[in-house]
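I have placed the structure first, in the form of structure tokens, so that the comments after it can refer back to it.
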Amino acid sequence: MRATVVWDEALLAYKLSNDHPLHPVRLDLTMRLARSLGVLEGVEPLIPTPAPDDELERVHVASYLEAVRRAPSHGDDPVHQLGTSDNPIFEGMHDASALVAGGSIAAAREIAEGRADRAVNLSGGLHHAMRDHAWGFCVYNDCAIAISWLLDHGYTRIAYLDTDVHHGDGVQAAFLDDPRVMTISVHQHPRTLWPGTGFASELGEGAAAGTAINLPLPPGTRDQAWLRAFHAVVPGLLRAFEPQILVTQCGADTHHEDPLAELSLTVDGHRAIYRACRDLAAEYAGGKWLALGGGGYNLIRGVPRSWTHLLATVLDRDVDPDRTIPAEWTSHAATLSNRPVPTTMTEEAPTDWTPWGGYTEVDVDRFVLETRRAVFPLHGLEPQNVLD
Ligand SMILES: [Zn+2]
């Protein structure tokens, strides 16, 4: 198993503003934590280059690229959603955004050209960006761009799995009518959270009907219920679709302390999710796994631990949850926050889960059934057969 980690300090330039929730300090703290625990020992990072226009235009229209380029000198541009409170304009906006997209393409290329089985770009996962406008903190949709690149480089069946707390609307939109890409998004229910899409009834269009899958979950959902729902829906669909590669968006904003959303997962739950992704890639996608970052606004107590577990999982260097965090990290983190900084890699939350039993037994099962009833028949699967 060979794995690649995309990283360069230049990726920290994707900073929408000093007090924007999507703050690059989370990436810096993650890399510091991973290094302090030895996770990255001997790992030579893959340094990305900015995606050129023709790669960005796989997903975005040329007029939007032009709008992003001119934004710092022209000012607010409501048509392209630039200069809003979600998507403030910043100096070097185009270059920083193109570099993130370049990182995800570089990661995809490592796998497609046989140099790696797995690759991770923590700065990526900007899953909301739309064809012709910025959306939800996201300028260029690196997830969709990397998937499109893979489609042009030998891949004909790609599964995209999005476990961010928000619906992966931009990626779903990019491939809504493309039967070669299955998008699966597990998120907080759209009736309770921006962007208000991602209902079980959104299925894909025409020949692609059944390749957009949405599993919305109620606010307050915790690790064990989340994992029960995930395992009741995702493996069966991957088995039926037979992807050649699994692309995951690993947003950490499902964390219980995240300031922007209301799911209640822990860093232990996140660790279990990433391990499940690795298992699913091994079992259903020939071991090919492209992992991307995503949301995550609990900058010190949440994201760094979760994504260190992600890096460790990608590298097969799993970190024991009980590991104590080295003082070099905690003392640095303490200079950035008034709140207590974490001292171990766990929140001591249970992550064992009871398999779904085919009917409504606990609250989350209602949502499992709704999604399975909407999409399973389109893949020849029985909504209430627990073996499917
Ligand atoms: Zn999110």
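The values are calculated or read from the model by the stated rules, or taken from the named source; none is laboratory data. Computed from a predicted structure; not experimentally measured. Backbone-built Cβ (ideal geometry, glycine too); neighbour counts: all protein chains shown. Please note that ligands, DNA and RNA were not included when accessible areas were found on the heavy atoms of the full protein model with its side chains. Shrake-Rupley method; radii C 1.70, N 1.55, O 1.52, S 1.80 Å.
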So which residues in the range 128-160 are touching a helix residue (DSSP H, G or I) at 6+ places or on another chain (Cβ under 7 Å) and within 16 Å of the ligand (Cβ to nearest atom)? 128, 129, 130, 134, 135, 138, 139, 141, 142, 143, 144, 160
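For the range 376-388, which positions are in contact with a Pro (Cβ under 9 Å, 6 or more places away or on another chain) and open to solvent by 50 Å² or more (accessible area, probe 1.4 Å)?
Result: 377, 386.
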Got a sec? Which of 163, 192 is within 15 Å of the ligand (Cβ to nearest atom) and more than 17 Å from the chain's Cα centre (by Cα)? 192
Can you confirm whether the range 355-363 contains a residue that is aliphatic (A, V, I, L, M), part of a loop (DSSP other than H, G, I, E, B) and crowded, with 16+ Cβ neighbours inside 10 Å? no
Say whether the condition of being over 28 Å from residue 350 (Cβ atoms) and among the acidic types (Asp, Glu) is met by at least one residue in the range 274-285. no
Looking at this structure, is residue 142 open to solvent by 10 Å² or more (accessible area, probe 1.4 Å) and under 14 Å from the mean Cα position of the chain (by Cα)? no
Quick one: which of 271, 278, 305, 239 is farther than 19 Å from residue 223 by Cβ and either free of Cβ contacts under 8 Å to residues at least 12 places away in the same chain or away from the ligand (no atom under 16 Å from the Cβ) (or both)? 239
Output yes when any residue across the range 75-86 is loosely packed, with under 15 Cβ neighbours inside 10 Å, out of contact with any Phe, Trp or Tyr (no Cβ under 6 Å at 6 or more places or on another chain) and at positive phi, and no when none is. yes
Among the candidates 373, 271, single out the residue that is surrounded by 18 or more Cβ atoms within 10 Å (Cβ to Cβ) and not in a loop (DSSP other than H, G, I, E, B). 271
For the condition away from the ligand (no atom under 15 Å from the Cβ) and either open to solvent by less than 10 Å² (accessible area, probe 1.4 Å) or in contact (Cβ under 8 Å) with a residue 40 or more places away in the chain (or both), what is the one hit in 174, 207? 174
Matching option when the condition is more than 16 Å from the ligand (Cβ to nearest atom), within 22 Å of residue 298 (Cα to Cα), of a type outside the set (Val, Ile, Thr) and buried (at least 22 other Cβ atoms within 10 Å of the Cβ), among 223, 253, 258: 223
Report, ordered by the first and then the second residue, all pairs with beta carbons closer than 8 Å, sequence separation of six or more or different chains, a first member in the range 49-73 that is surrounded by 15 or more Cβ atoms within 10 Å (Cβ to Cβ), and a second member that is polar (S, T, N, Q) and part of a helix (DSSP H, G or I). 58/148; 59/148; 68/97
Regarding residue 123, is this residue within 16 Å of the ligand (Cβ to nearest atom), farther than 17 Å from residue 197 by Cβ and among the small types (Gly, Ala, Ser)? yes
Segments classed as helices (runs of 4 or more DSSP H), wholly inside the range 141-244, with at least 3 members that are in contact with a Leu (Cβ under 8 Å, 6 or more places away or on another chain) and over 16 Å from residue 125 (Cβ atoms): 223-241
